[in-house]
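The structure under discussion appears below in the form of structure tokens.
The values are calculated or read from the model by the stated rules, or taken from the named source; none is laboratory data. Worth saying up front: this structure is predicted, and the values here are computed from it rather than measured. Positions of Cβ are backbone-derived with ideal geometry, glycine not excepted, and every protein chain shown enters the neighbour counts.
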Amino acid sequence: MREAAASAIRREDYAAPAFWIRTVELTFDLDPAKTIVASKLAIERNPQAAPGQALVLHGEDLTLLRCLADGESVSFRHEEGLLVIDHPPEKDAFTLEIRNTCAPEKNTQLSGLYTSTGGLFTQCEAEGFRRITYFLDRPDVMAVFSVTLRADKAKYPVLLSNGNLVEQGSLDNGRHFAKWHDPFPKPSYLFALVAADLVCREQKIVSRSGKEHLLQVYVRRGDLDKTEHAMASLIASVAWDEARFGLPLDLDRFMIVAVSDFNMGAMENKGLNVFNTKYVLASPATATDGDFAGIESVVGHEYFHNWTGNRITCRDWFQLSLKEGLTVYRDQEFSMDMAGSPSARAVKRIDDVRGLRAVQFPEDAGPMAHPVRPDRYQEINNFYTATVYEKGAEVVRMMATLVGREGFRRGMDLYFERHDGQAVTCDDFAQAIADANPGSALAVNLAQFKHWYAQAGTPRLTARGSHDVTTRRFTLTLTQSALPSPGQPDKQPCVMPVVMGLISTDGRALPLRLAGEEAAHGTERTLVLTQPEESFVFEDIDDAPVPSLLRGFSAPVVLDSGLYDGALITLLRHDHDAFNRWEAGQRLALNRLLAALPGTGELPALDDAYIDAMRAVLRDPALDPAFKELVLTPPGEGYVAEQCAEVDPQRIHRLREEMRQQLAARLHADWLWAWEAHQVREGYRPDAVQSGKRALANLALTMLVLDAVAKGDPVWPGRAYQRVKDAGQMTDRHAALKALIDGHSPLAQGALAHFHGVAAGDDLVLDKWFAAQAQAAEPLDGGGVVLGRVKALLKHPDFSMKNPNRLRSLVGSFCRENPAAFHRADAAGYVFWADRVLELDAINPQIAARIARAMDRWRVLAEPYRSAAREALARVAGSAKLSDDVREIVSKALE
Ligand code: ARG
Ligand code: ZN
């Protein structure tokens with residue numbers, strides 16, 4: 001931890017390294033208190049770099065024992081986080097031998113080599129390798145690694161590293177060793193080792209080319225029965241990448257290891273993915289449908305990194321989206337293909353867009369706003385963001401839309417043909433996709449398209465239509481604009497693919513003939529907006545149509561369609577695009593909430609037109625239950641807040657709760673029907689069909705409980721309580737628990753106690769128990785109870801500040817996912833936030849910085865929240881000892 005204010009690292013300062021490292025031989029004498037690392041590096045001068053430069057290695061929290069160049073001692077000096085060898089041998093190539101120690105058991109940051117439940121694990125992305133040994137810890141330095149691990153055999157029976165196992169055997173004193181060799185040159189951030197007492201599920205597979213591979217999933221003893229889904233997801237991932245992108249598994253052996261203390265979701269180390277247990281372990285009794293889906297997508301994500309990230313990696317960390325945006329796009333497509341039906345694909349797309357809007361849009365409007373390819377950072381770990389990941393995926397998706405599915409595949413092929421084995425930039429990727437598709441809208445507008453990489457902020461797209469009965473023309477005028485963001489006062493117009501159609505008021509998809517065209521080209525097309533304003537004229541349109549724009553959310557923008565209720569209801573009923581049907585329903589709800597927000601009274605009674613439209617969706621036999629659940633769920637409080645110039649979290653919560661209450665009461669008979677009609681009677685499968693039915697039935701239960709509690713009727717709360725007790729699987733048990741808590745039923749306490757009992761110490765189930773309480777809906781009368789509960793839970797024997805999952809489930813959920821409980825007039829939520837951030841910063845700065853971001857949007861808060869939030873931020877910023885991680889977040893917030 002550095003105490004001085006960190007200065008920014010800038011993209012424009014990139015320079016190739018003065019030296020390359022071609023091979024690395026690492027020997028570890030593993031011990032939790034003191035691990036000895038011997039490293040032998042084959043170093044070559046970079047002939048392109050200026051001569052006479054010092055060899056500057058990164059190193060953090062290490063003790064150096066020895067440093068030899070070509071077998072001779074060499075003089076060195078330490079600088080902040082660096083080992084400087086001013087006069088390395090004056091040769092083109094030489095060997096550097098280093099011996100150092102590190103202390104895994106003191107490593108509470110969980111970056112580098114650390115201990116977790118008796119085992120030793122590593123996390124090296126982004127800059128953790130320098131916490132293991134001295135190295136050129138930057139992604140453009142790629143080396144072939146040979147690794148020898150030595151450790152106590154009884155405590156660490158399993159010794160793993162990247163690549164192939166070359167040799168293993170016994171040593172004296174109850175120790176043993178294993179030697180691994182990874183034939184693929186890789187940057188240090190992809191290094192991994194594991195030494196632990198683990199068991200594994202394994203499976204041999206034969207790839208399309210006839211090659212055999214061994215797949216393994218390593219977990220703690222007792223968890224083997226929860227690895228079936230992860231293994232199935234891995235097998236599916238291997239098959240999918242071969243089928244869809246022609247990318248085979250390039251290793252004989254591919255391993256996944258689950259660890260319970262992990263800062264992020266998972267890590268794509270070459271051949272040895274290390275995962276948060278949350279994204280590996282699942283059984284119907286312990287995991288929800290959402291958890292099963294999360295495992296499938298993260299297993300896919302890390303596996304797909306093997307090509308997009310590992311075979312082709314990033315030149316520098318500013319290019320992080322090169323691998324993350326692309327790999328998120330790939331995992332989203334994988335999950336859609338796995339979901340199957342067009343409607344299940346749409347449900348996945350809606351989920352992804354909901355996530356983007358809930359997290360990335362606020363990020364892009366706040367103090368941490370940054371381009372998909374950032375220009376500067378203080379702490380790279382703060383840039384593993386929704387912008388780099390999810391907006392980055394949208395940028396890739398737009399490219400795919402602009403060049404078409406086959407065109408995108410051609411582009412990917414060219415990308416690998418050109419860059420396999422290299423460390424490259426986002427420009428290289430975009431260039432490959434464009435070059436493979438000459439004449440495409442992407443290729444023609446490439447320079448302009450790349451504004452998506454360079455500009456922060458969410459563009460706004462405004463659409464207005466006008467119909468002329470006499471000329472039978474419909475003119476659609478699209479306007480784009482973007483607000484300034486930090487360091488970017490003026491924005492250039494973007495290239496926006498707008499997938500669209502026109503619907504007649506009676507629901508027909510109209511043939512689309514643009515002015516100047518001979519004939520109509522189908523009923524859906526992609527308009528490519530490149531100017532600040534453009535008009536598109538459609539011919540042969542008899543009556544004013546309803547435009548359905550931005551289908552499938554074809555660009556990551558805020559759309560102002562200017563449509564009124566009647567048109568929105570037409571879209572909700574008839575649009576051919578499921579995404580836009582959902583969007584129309586959300587807009588109807590949003591408009592009602594926004595209209596009531598400025599006042600102080602209750603939400604006015606919802607109009608019949610809206611209620612009837614909701615009922616029609618709920619009862620429509622042609623629609624999927626999963627889709628209905630999405631339509632019937634009003635927009636989240638965070639999303640509503642983003643629509644306001646000044647945010648009153650309490651008011652938003654009240655109105656949204658009243659909306660749910662009205663939907664519960666007015667659709668009572670329909671919820672009864674929905675509950676009855678969507679019970680799953682066959683054995684549990686986490687697939688799209690079953691999980692959709694459960695989602696809708698559980699929404700119905702939530703509404704029935706909500707309505708019953710309001711009316712003092714004990715029947716539905718009683719049923720929900722019974723479900724918590726008897727449910728055969730976690731999805732239903734968890735949903736029933738949440739229904740009782742968020743419905744403020746007196747039975748919630750008993751249900752929680754029961755839930756804690758059946759958790760029987762299972763960490764992931766306990767995380768849900770904590771999270772359900774931290775996310776509990778604040779009661780409208782009086783309120784303020786959730787924080788008291790959360791504070792009490794900090795002292796619960798099952799709570800620990802040191803385990804990131806547990807911390808996220810209690811502190812993270814409260815500060816970041818429960819606005820009405822967090823933003824209190826008495827500022828107690830902010831005091832709690834500041835205390836936790838400071839406390840945590842001394843343990844794990846990465847996680848502290850994530851929690852710190854709960855205050856990102858403080859400037860748009862109404863008083864008294866805004867002043868109180870500023871005060872809390874200033875208190876944290878004024879702390880003498882702050883990590884670079886937290887300092888960057890709070891200082892940007894206060895800028
Ligand atoms: N590359 C990993 C993934 O997206 C994330 C690792 C990030 N780790 C970190 N400490 N910032 O799959
Ligand atoms: Zn990733």
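The table for this structure:
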quantity: Per-region count, region 585-620, residues surrounded by fewer than 18 Cβ atoms within 10 Å (Cβ to Cβ), among the small types (G, A, S) and within 13 Å of T633 (Cα to Cα); calculated: 0
quantity: Filter result (more than 15 Å from ligand 1 (Cβ to nearest atom) and under 25 Å from K211 (Cβ atoms)) within region 255-268; calculated: M255
quantity: Hey, A178 assigned to a strand (DSSP E or B), free of Cβ contacts under 8 Å to residues at least 40 places away in the same chain, aliphatic (A, V, I, L, M) and buried (at least 19 other Cβ atoms within 10 Å of the Cβ) or not; calculated: yes
quantity: Scope region 300-325; condition of a type in the set (A, V, I, L, M) and away from ligand 1 (no atom under 11 Å from the Cβ); matching residues; calculated: I312, L322
quantity: Test for V328: is it within 16 Å of ligand 2 (Cβ to nearest atom), touching a residue at least 12 places away in the same chain (Cβ under 8 Å) and under 26 Å from W582 (Cα atoms); calculated: yes
quantity: Some residue of region 360-378 being within 16 Å of ligand 1 (Cβ to nearest atom), among the acidic types (D, E), surrounded by 19 or more Cβ atoms within 10 Å (Cβ to Cβ) and under 21 Å from P497 (Cβ atoms); calculated: no
quantity: Verdict on L224 being at pLDDT 95 or above, away from ligand 1 (no atom under 16 Å from the Cβ) and under 14 Å from Q203 (Cα atoms); calculated: yes
quantity: Condition check for D540: more than 25 Å from I350 (Cα to Cα) and loosely packed, with under 15 Cβ neighbours inside 10 Å; calculated: yes
quantity: Matching residues, region 205-241, being free of Cβ contacts under 8 Å to residues at least 60 places away in the same chain and among the acidic types (D, E); calculated: E212, D223, D225, E228
quantity: Region 292-305: number of residues that are within 11 Å of ligand 2 (Cβ to nearest atom) and touching a strand residue (DSSP E or B) at 6+ places or on another chain (Cβ under 9 Å); calculated: 5
quantity: Subset tally (residues that are of a type outside the set (A, V, I, L, M, F, W, C), buried (at least 24 other Cβ atoms within 10 Å of the Cβ) and more than 11 Å from ligand 2 (Cβ to nearest atom)) for region 307-322; calculated: 2
quantity: Yes/no for V396 being within 16 Å of ligand 2 (Cβ to nearest atom), in contact (Cβ under 8 Å) with a residue 60 or more places away in the chain and either buried (at least 21 other Cβ atoms within 10 Å of the Cβ) or in a helix (DSSP H, G or I) (or both); calculated: yes
quantity: Residue in region 553-571 that is of a type in the set (D, E) and not in a strand (DSSP E or B) present; calculated: yes
quantity: Residue count, region 649-694 (criterion: part of a loop (DSSP other than H, G, I, E, B) and surrounded by 19 or more Cβ atoms within 10 Å (Cβ to Cβ)); calculated: 4
quantity: Region 333-370, subset part of a loop (DSSP other than H, G, I, E, B) and among the small types (G, A, S), residue nearest to E242 (Cα to Cα); calculated: G340
quantity: Residue among A720, A735, A700, A739 that alone is under 30 Å from A236 (Cβ atoms), in a helix (DSSP H, G or I), of a type in the set (A, V, I, L, M, F, W, C) and out of contact with any Pro (no Cβ under 8 Å at 6 or more places or on another chain); calculated: A735
quantity: Exclusive hit being modelled with pLDDT of 95 or more, of a type outside the set (S, T, N, Q), out of contact with any His (no Cβ under 6 Å at 6 or more places or on another chain) and within 30 Å of V388 (Cα to Cα), set A454, A519, A515; calculated: A454
quantity: Single condition S343 does not satisfy, out of (1) surrounded by fewer than 22 Cβ atoms within 10 Å (Cβ to Cβ); (2) under 15 Å from L320 (Cα atoms); calculated: (2)
quantity: Residue check, L57 within 19 Å of Y134 (Cα to Cα), buried (at least 19 other Cβ atoms within 10 Å of the Cβ) and within 35 Å of the chain's Cα centre (by Cα); calculated: yes
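The rows are residues; the columns are (1) of a type in the set (D, E, K, R); (2) more than 22 Å from V640 (Cα to Cα); (3) away from ligand 1 (no atom under 16 Å from the Cβ).
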| residue | (1), (2), (3) |
| --- | --- |
| D826 | yes, yes, yes |
| G829 | no, no, yes |
| E839 | yes, yes, yes |
| I843 | no, yes, no |
| A862 | no, no, yes |
| R887 | yes, yes, yes |
| V890 | no, yes, yes |
